[in-house]
1. Mind giving me the nanometre distance, one decimal, between the label points for GLU323 and TRP153, set 7 Å out from Cα along Cα→Cβ?
2. Just the projected area, averaged over all directions, of the convex hull on the alpha carbon atoms of segment 421-494: how many nm²?
3. Among the listed pairs LYS6/LYS313; LYS333/LYS386; LYS89/LYS138; LYS12/LYS220; LYS12/LYS348; LYS79/LYS427, which are separated by more than 32 Å between their Cα atoms?
4. Rounded to the nearest 0.05, what FRET efficiency is calculated for VAL38 and GLU184 with R0 set to 35 Å and r the Cβ-Cβ distance?
5. Could you give the length gained on full extension between VAL488 and ALA109, defined as 0.36 nm per residue of separation minus the Cα-Cα distance, in nm?
6. When the convex hull of the C-alpha atoms of segment 1-98 is computed, what volume per residue in Å³ does it have?
7. Between ALA408 and LYS427, with labels modelled 7 Å along Cα→Cβ, what's the label distance in nm to one decimal, could you check?
8. Listed highest first by mean packing, meaning other Cβ atoms within 10 Å per residue, what order do 13-20, 163-170 come in?
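Nothing in this text is a laboratory measurement; each read-out follows from the coordinates by a stated rule. Source: prediction; values computed, not measured. Reconstructed Cβ throughout: ideal geometry from the backbone, glycine too, with neighbour counts over all protein chains shown.
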Amino acid sequence: MAQAQKITPRAKDYSEWYNDVIMQAELADYSSVRGCMVIRPNGYRIWELMQRALDDMFKETGHQNAYFPLFIPMSFLAKEAEHVEGFAKEVALVTHTRLKATGKTGAGAVMVDPASALEEPLVVRPTSETIIYASFAKWIQSYRDLPLLLNQWCNIVRMELRTRLFLRTTEFLWQEGHTAHADEADAEREARLILSIYRRFAEEWLAVPVLTGVKTDSEKFAGALHTYAIEALMQDRKALQCGTSHHLGQNFARAFNVQYQTAAGGLEYVWSTSWGVSTRLIGGLIMTHSDDNGLVCPPRLAPVQVVLVPIWKTDAERAQVLEVGARVEAELKAAGLRVVLDARDSLKPGAKYFEWEARGVPLRFEIGPRDVAAGQAMSARRGGGKSPVPLAGIGATASRALEEIQAALFTAARERREAASVRGITKERFIEFMQDQGGFAYGGFCGSGECEAAIKDMTGATVRVLPDPEFRSPEAPRTCMWCGKPSVAEAVWAQAY
Ligand SMILES: [Zn+2]
């Protein structure tokens, strides 16, 4: 029990629970730089698996990876007015290029060399639209160069005041797609295509159900025409924005003079999109599925999918169970699974169980002398359920079990979300709901920024999305749930991370 007791129960303190899960699973650690985290191998492996799945989907739909500089000339950020407004308050700047020795010792041994001041400071990228459009302007000449569909995997720096592991850190990892198109319809199609990829990834890999829809003007990306998003609900009934896809219109093309010659010989500005998901998704995965025993990781993204724990008392038994364990390990690997045979002498089986549970391994096979004699292993699922399985065909059995676990996690998360959603909400009920437990509240919305601001002020809730038709209530609301004026769209509100 030693391991499990180190994790604060969710009911006691959700935020401490979240940190404990991360620490116990060794996903990440705090660093000596304020607001920055260290992603440990277990966490980074999840990110690698996410990257691979997403990258495959991007490439299947015609996107290519490229890499642009970490630094952006400060003047670039000023070229798109809304964009600079959106990011000005959270950028890190490089202003000098040299230090010099002072002759003192200790912390004062070096100082900034004032002679090395840069003529134009460099911004450490908070997002890369501006630096990328400078290149687009060079590369795009004719309609034949379009569409241009690029993505980059990189790090981003936004000077955040309040940070939380994975969810909000000063530096984080992400992918950012940037595309240029000949017309509005093609850019719109792209922004929608990416939203559907993000949704598929969230649901099929993360096992996180998401709402899709469009952001209100106050929540959209700085410089976008409109922003689409996928939104999930965590176990504490707070929303997490999991990915965004922006239709940028011609705003950045005008700011950076990205023009192309049309087939008819005229000159037009390109239409563009940008879109991204980040290591924040790891936080979403943790908060959606994990329990008081630690991480619960959906099998498709689990660094270790199956752990084999041999059980023995005597040396003869040890030799026997390890031999069978090695055979099972080989068979599972042959079935394409990520598997570990935990043959450590230093830990008792029970201690191993707790350790691997805290790390979120979906499936465990225990192999003892009696199991070997019976030609079976004892299968234990991370979410509960223990039963013997025959050693014959164990690769196929394990693959099937992992698929079932993956599907069950998604179903459970969707049921939790629906149980935490209310539709057709009234103002009185809304205030009560947000003060009480919170969750997704569906209601009529007049579309005014004043209502949004008043609601945020009073309840802390924001419009997460104006949901796509699939998620809307059967009957469209007639009036704004807050002010009573005619409703222009159904909205989903929640308190959010
Ligand atoms: Zn209103």
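1. A separation of 4.2 nm, rounded to one decimal place.
2. So the Cα hull casts an average projection of 4.2 nm².
3. Values: LYS6/LYS313 29 Å; LYS333/LYS386 22 Å; LYS89/LYS138 30 Å; LYS12/LYS220 35 Å; LYS12/LYS348 30 Å; LYS79/LYS427 41 Å.
Check vs 32 Å cut-off fails for LYS12/LYS220; LYS79/LYS427.
4. 0.20
5. Stretched out fully, the VAL488 to ALA109 stretch lengthens by 130.2 nm.
6. 225
7. Simple spin-label model gives 4.7 nm for this pair.
8. Numbers: 13-20: 16.9, 163-170: 20.4.
In decreasing order of mean packing, 13-20, 163-170 become 163-170, 13-20.
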